[in-house]
Amino acid sequence: MGPRNCIGTRFALQAIKLVIVEILQSFSFVTCKETEVPLELCDNGFIAPTKPIKLKLVPRVMAPSQD
C-alpha cells in the first residue's frame, strides 16, 4: 500500500493524539476497589498483572485563570 494509501491518515492520527491529550488534561485516573494493590505479576515472561487493573476517571478541578 505505502504512504499514499489514505490522504487523511496523518490528520486522523493527529486528531486522535489531541483527543488523548485533552482527556489526560481533564481527568485523573484512580484505582477502583476491585484493583489489588500491590499488583501481582504473571510468571509467563510478560510483565502483566494476574488480575485486571480497573480504573475510573475523576474530573480534575481546574484552577481559575489569573487574568
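No lab work stands behind these numbers, since they all come straight from the coordinates. Just so it is clear, the structure is predicted and the values come from calculations on it, not from any experiment. So basically every Cβ, Gly included, is an ideal-geometry build from the backbone, and we count neighbours across all protein chains shown.
Values for this structure:
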| item | result |
| --- | --- |
| Given (1) touching a Ser or Thr at 6+ places or on another chain (Cβ under 9 Å); (2) in a loop (DSSP other than H, G, I, E, B), number of the condition Lys56 does not satisfy | (2) |
| Residue match in the range 9-23 (condition: part of a loop (DSSP other than H, G, I, E, B) and either under 20 Å from the mean Cα position of the chain (by Cα) or touching a residue at least 12 places away in the same chain (Cβ under 8 Å) (or both)) | no |
